[in-house]
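Next up is a structure, given as structure tokens.
Since every read-out is calculated from the coordinates, none of them should be taken as a lab result. Computed from a predicted structure; not experimentally measured. Here Cβ is always computed from backbone atoms with ideal geometry, including for glycine, and neighbour counts include all displayed protein chains.
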Amino acid sequence: MTPRSGLLLARVDALPDPGAIVVDFVEGEKRLSLIVTRRGAHVAAFFNRCPHAGYPLERPDGRMVVQEGRYLVCTAHGASFVLDDGACAGGPCNGEGLTRVAVTVRDGAVFVA
Ligand code: FES
């Protein structure tokens, strides 16, 4: 499922700082899972699919692992990604980053651009 422009992802003040949350959407049979990250005034979003083996990144309890306030860690095999831009930062992602979703911030909320 492709995220449609204008889709509300999160309130900025509801995002951990620094940190990330998973936002899931279900429309009939279609599913969309996105990661929304924040570090200070910088927010970003990515498809919740690790380039290593295609798993979602979060822990079984739904929480994202963020190390040193700068890196998202995939809980499947430990690949790490830069919180701000999703670039591969180490582990089995082998140089492949997360796929970014363009966002815009308006009235204190994050929307798909
Ligand atoms: S699926 Fe993410 S590190 Fe393997």
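In the range 6-25, what residues are surrounded by fewer than 11 Cβ atoms within 10 Å (Cβ to Cβ) and farther than 20 Å from T99 by Cβ? Give the derivation first.
Taking the range 6-25 first, the residues surrounded by fewer than 11 Cβ atoms within 10 Å (Cβ to Cβ) are 6, 13.
Correct list: D13 only.
Quick one: is E27 closer than 22 Å to M1 by Cβ and out of contact with any Leu (no Cβ under 6 Å at 6 or more places or on another chain)?
The answer is yes for E27.
Is the range 31-49 home to any residue that is under 21 Å from G95 (Cα atoms), in contact (Cβ under 8 Å) with a residue 60 or more places away in the chain and not β-branched (V, I, T)?
yes
Within the range 52-72, which residues are touching a residue at least 12 places away in the same chain (Cβ under 8 Å), within 16 Å of R38 (Cβ to Cβ) and not acidic (D, E)?
Hits for the range 52-72 are L57, M64, V66, Q67, G69, R70, Y71, L72.
Tally up the residues in the range 56-84 that are over 13 Å from the mean Cα position of the chain (by Cα), of a type outside the set (V, I, T), under 18 Å from V23 (Cβ atoms) and within 11 Å of the ligand (Cβ to nearest atom), please.
0
Something else: In the list A76, A102, A45, which residue meets the criterion of being exposed (fewer than 15 other Cβ atoms within 10 Å of the Cβ), of a type in the set (A, V, I, L, M, F, W, C) and out of contact with any helix residue (DSSP H, G or I) (no Cβ under 6 Å at 6 or more places or on another chain)?
Working: A76 fails: exposed (fewer than 15 other Cβ atoms within 10 Å of the Cβ); A45 fails: exposed (fewer than 15 other Cβ atoms within 10 Å of the Cβ).
After applying the criteria, what remains is A102.
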